[in-house]
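Visitor: I have a structure here, written as structure tokens, and I will follow up with some questions on it.
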Amino acid sequence: MQHHIQEIWPEGMPRPGIPYSPAIRAGDWLFVSGQSASDLVTGLAAEAVVPAAFPYYQDAVAKQAAVLYGRVGAIVEAAGAKPEQVVRVNQWYVAGMASPDYRTGDLTVNNKRYVQEKNRYFTKLSPPSTGIGVRGTLVEGALVEADFTARLDGDIPEKVSAPGLPKPAAGFAEGVRMGHWVFLSGDLASDWKGNWGAEAYDGGGLNGLAPEARTGGLFWGDEPCAKQTDYILSRLSKVAEAAGTSLALAVKAYVYLADPSDYAAFEDTWAKWFPDTSAAPARILVPNVEIGARGCRVEIGLDLLMPAAAHLKKPVAGGWSPKSKEPAAVRADDLIFFSGLMATDPGAGLAAEAAQPPGLPYFGTPGKLQMRYILQKAKRIAEAAGVDLRQVVKATLYFTDLRLYAGAMEAWAEAFADGHKPAVTAVEINRGLWVPGCGIMADLTLYDPQEA
């Protein structure tokens, strides 16, 4: 099936010395790697830099976003696509997490001018979107990175909106429907108004939460994340219904938690909505990120199928059994969505093969050891699905420390030495992942067209 997968390289675009493709065309899909205002050779592009002599005359985010979307436009055009065929955008904003004064729940991102540049590119429809604050990206000085997914089957996405629900402040679509696919924006437990100026005191201080998602914090057992998760899934179910489908046909969930201590409360609520793990969507669950509204602790986005395509959703059994409430992977038409993978052993936490011996801390490369183990686990899952791991077309890699990246890419280059190099986004979250010692979590998508 490799002949269905093609690397996209715009003419004249520099080729960095890493296993990288700007984008991958896989059948009717286009997956664009994380793009920033880098020149791909030395760091930030010259046209993205604010002159040191005039630091307040120009806005750094606006300049970087203009360079970013200039490159995205070239990549999309080289793939034979149009901006209006983009069905999902993920934005990774560099938050103030490096500051010793940073606390979970702080708001340190100003994305206003990024959104203005984004809307200059998406003039017809601002696609479903997720914006998350992270600690860092691979490019020194970069303030934002974004990746993109497009469908190139000839149709134009149809905007989906659920009546009566508060609309995103940034103006992007709640969701789009395209053929038998539905894509929903990352959603927060906000009404985009909050309690600013409200007369009633709810015990939680100033916040951007919808009234139905608030907890007073006045009694034992109050779990804000549980109530917010239920509120978000209720809203997403209404948007899915407006599109003509339901959460039962969700195939991939993108979940972000500001505080890892909210995991149990989130998971309990998730299980109420998806009680059968084998029928639940594949899921990436990322902790220690900044959520873009005060008081909001969780963000969730979904990819779904329409009822006519329900038979195209199949869980993948074998290769790995997650400890959390998700299948190892889900086949959805010509894609296989993996749940998030770390270098874990069910009985030991960080796998011994992925860890350096305590007495020999300088033997081996931690990033390489962990990524190699992750890819071995992914290979077993892929084999259980009857596909080759080299059919990976998109990866989002979350690091607790980007110093692990170089070693990780050595293992990545070994795994994808033959054939195409997948589209990749790599970002650094704040502090740790779910398992102590694990420094990398991988979110993988494979392409595997089925015979009609």
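Visitor: Counting each DSSP H run of 4 or more residues in the chain as -39500 (n - 2.57), what helix-only mean residue ellipticity at 222 nm follows after dividing by all residues, to the nearest 500 deg cm²/dmol?
Guide: Theoretical 222 nm ellipticity from helices: -6500 deg cm²/dmol.
Visitor: Next up: What distance in nm separates the simple spin-label points at GLU241 and TYR362, each placed 7 Å from Cα in the Cβ direction?
Guide: Spacing of the two 7 Å Cα→Cβ label points: 6.3 nm.
Visitor: Taking the Cα centre of the chain as origin and charging only Cβ (+1 Lys, Arg; -1 Asp, Glu), how large is the dipole, in debye to the nearest 20? Kindly include the intermediate steps, with their values, before the conclusion.
Guide: Working: 42 positive and 50 negative charges, 35 e Å.
Computed charge dipole of the chain: roughly 160 debye.
Visitor: Consider just the alpha-carbon atoms of the stretch 1-84 and return their Rg together with their Dmax, both in angstrom.
Guide: Taking only Cα atoms of the stretch 1-84, I get Rg and Dmax of 15.0, 54 Å.
Visitor: Which residue, TRP273, GLN58, TYR398, has the largest displacement toward the positive end of the dipole of the chain when charges sit on each Cβ (Lys, Arg +1; Asp, Glu -1)?
Guide: About the Cα centre, the residue reaching furthest to the positive side is GLN58.
Visitor: Hey, with R₀ at 30 Å, roughly what FRET efficiency would ALA417 and SER324 work out to, going by the Cβ-Cβ distance, to 0.05?
Guide: On the way: r = 32 Å, r/R0 = 1.06.
For R0 = 30 Å, the calculated efficiency reads 0.40.
Visitor: Can you give the accessible area of MET306, probe radius 1.4 Å, in Å² rounded to 10?
Guide: Only protein atoms counted, so the area is about 30 Å².
Visitor: Between [x] 194; [y] 159; [z] 177, which entry matches volume of the Cα convex hull per residue in Å³ as derived from the coordinates of this structure?
Guide: [y]
Visitor: Next up: Taking one equal scatterer on every alpha-carbon of the stretch 313-431, how large is log10 of I(q)/I(0) by Debye at q = 0.19 1/Å?
Guide: -1.14
Visitor: Rounded to the nearest 0.05, what FRET efficiency do TRP273 and ALA317 give with R0 = 25 Å and r taken as the Cβ-Cβ distance? Could you check? Kindly include the intermediate steps, with their values, before the conclusion.
Guide: Numbers: r = 21 Å, r/R0 = 0.86.
Plugging the Cβ-Cβ distance into 1/(1 + (r/R0)^6) gives 0.70.
Visitor: How many percent of the accessible area of the stretch 1-103 is carbon or sulfur, using a 1.4 Å probe?
Guide: Working: 2550 of 4710 Å².
Carbon and sulfur: 54 percent of the exposed surface of the stretch 1-103.
Visitor: I'm checking a number: the convex hull volume of the Cα atoms of the stretch 1-143, normalised per residue, in Å³. What is it?
Guide: Numbers: hull volume 21.0 nm³, N = 143.
In the stretch 1-143, the Cα convex hull volume per residue is 147 Å³.
Visitor: Calculated FRET efficiency, ARG103 and GLU410, Cβ-Cβ r, R0 35 Å, to nearest 0.05? Write out the running numbers ahead of the final one.
Guide: On the way: r = 36 Å, r/R0 = 1.02.
That gives a FRET efficiency of 0.50.
Visitor: Sticking with this one: Using mean Cβ contacts within 10 Å as the protection proxy, how do 232-240, 214-222 order, highest first? Walk me through the numbers on the way to the answer.
Guide: Working: 232-240: 21.2, 214-222: 11.4.
Going by the mean number of other Cβ atoms within 10 Å, highest first, we get 232-240, 214-222.
Visitor: If you restrict to DSSP beta bridges whose two residues both lie in the chain, what percentage is antiparallel, to the nearest 5? Present the calculation step by step, with values, prior to reporting the outcome.
Guide: Working: 65 of 82 bridges.
Within the chain, antiparallel bridges account for around 80 percent of the total.
Visitor: What number comes out for accessible area per residue over the chain if the probe is 1.4 Å? Units Å², please. Kindly include the intermediate steps, with their values, before the conclusion.
Guide: Details: 18960 Å² over 452 residues.
Ligands and nucleic acids excluded, the result is 42 Å² per residue.
Visitor: At what distance in angstrom do the alpha carbon centres of the stretch 91-152 and the stretch 199-266 lie from each other?
Guide: Value for the Cα centre distance between the two parts: 22 Å.
Visitor: In terms of the ratio Rg/(2.2 N^0.38 Å) built on C-alpha atoms, what value belongs to the stretch 111-173? It would help to have the intermediate numbers written out before the result.
Guide: Values: Rg = 14.2 Å, N = 63, 2.2 N^0.38 = 10.6 Å.
Expressed relative to 2.2 N^0.38 Å, the Cα Rg reads 1.33.
Visitor: What size of dipole, in debye to the nearest 20, comes out for the stretch 398-452 about its Cα centre when the only charges are +1 on Lys and Arg C-beta atoms and -1 on Asp and Glu C-beta atoms? Don't skip to the end; give the middle numbers.
Guide: On the way: 3 positive and 8 negative charges, 63 e Å.
With only Lys, Arg, Asp and Glu charged at Cβ, the dipole is about 300 debye.
Visitor: Would you work out which of ALA348, PHE337, ILE374 lies farthest towards the positive end of the dipole of the stretch 327-404? Charges go on Cβ: Lys and Arg +1, Asp and Glu -1.
Guide: ILE374
Visitor: How large is the dipole of the stretch 1-147 about the Cα centre if only Lys and Arg carry +1 and Asp and Glu carry -1, each at its Cβ, rounded to the nearest 20 debye? All intermediate terms of the calculation are to be shown ahead of the outcome.
Guide: Numbers: 13 positive and 14 negative charges, 61 e Å.
The dipole of the stretch 1-147 has a size of about 300 debye.
Visitor: Also: Apply the membrane-span-like helix rule to the chain: whole DSSP H runs, Cα extent along the own long axis of at least 24 Å, mean Kyte-Doolittle hydropathy at least -1.0. List the helices found.
Guide: Working: long enough: 60-78 (27 Å, 0.97); 224-243 (29 Å, -0.10); 366-384 (28 Å, -0.56).
The answer, listed by residue number, is 60-78, 224-243, 366-384.
Visitor: A further question on this structure: Can you find, among GLY407, GLY105, PHE31, the residue farthest towards the positive end of the dipole of the chain? Put +1 on the C-beta of Lys and Arg, -1 on that of Asp and Glu.
Guide: Most positive-ward Cα: PHE31.
Visitor: Determine which lysines satisfy two conditions relative to LYS377: a Cα distance under 27 Å, and not lying fewer than 8 residues away in the same chain.
Guide: Once the sequence-local lysines are set aside, what remains near LYS377 is LYS252, LYS313, LYS314, LYS323, LYS325, LYS368, LYS394, LYS421.
Visitor: Measure off 7 Å from each Cα along the Cα-to-Cβ vector at ASP153 and THR123, then give the distance between these two points in nanometres to one decimal.
Guide: 2.8 nm
Visitor: Leaving out ligands, DNA and RNA, and with a 1.4 Å probe, what % of the accessible surface on the stretch 281-339 is carbon or sulfur? Spell out each step's value before the answer.
Guide: Details: 910 of 1730 Å².
Here carbon and sulfur together make up 53 percent of the probe-accessible area.
The values are calculated or read from the model by the stated rules, or taken from the named source; none is laboratory data. Just so you know, these numbers come straight off a predicted model, no measurement behind them. Using ideal geometry, Cβ is built from the backbone for each residue, glycine included, and neighbour counts are taken over all protein chains shown. What goes into the accessible areas is simple: the full protein's heavy atoms, side chains included, and nothing from ligands, DNA or RNA. Shrake-Rupley method; radii C 1.70, N 1.55, O 1.52, S 1.80 Å.
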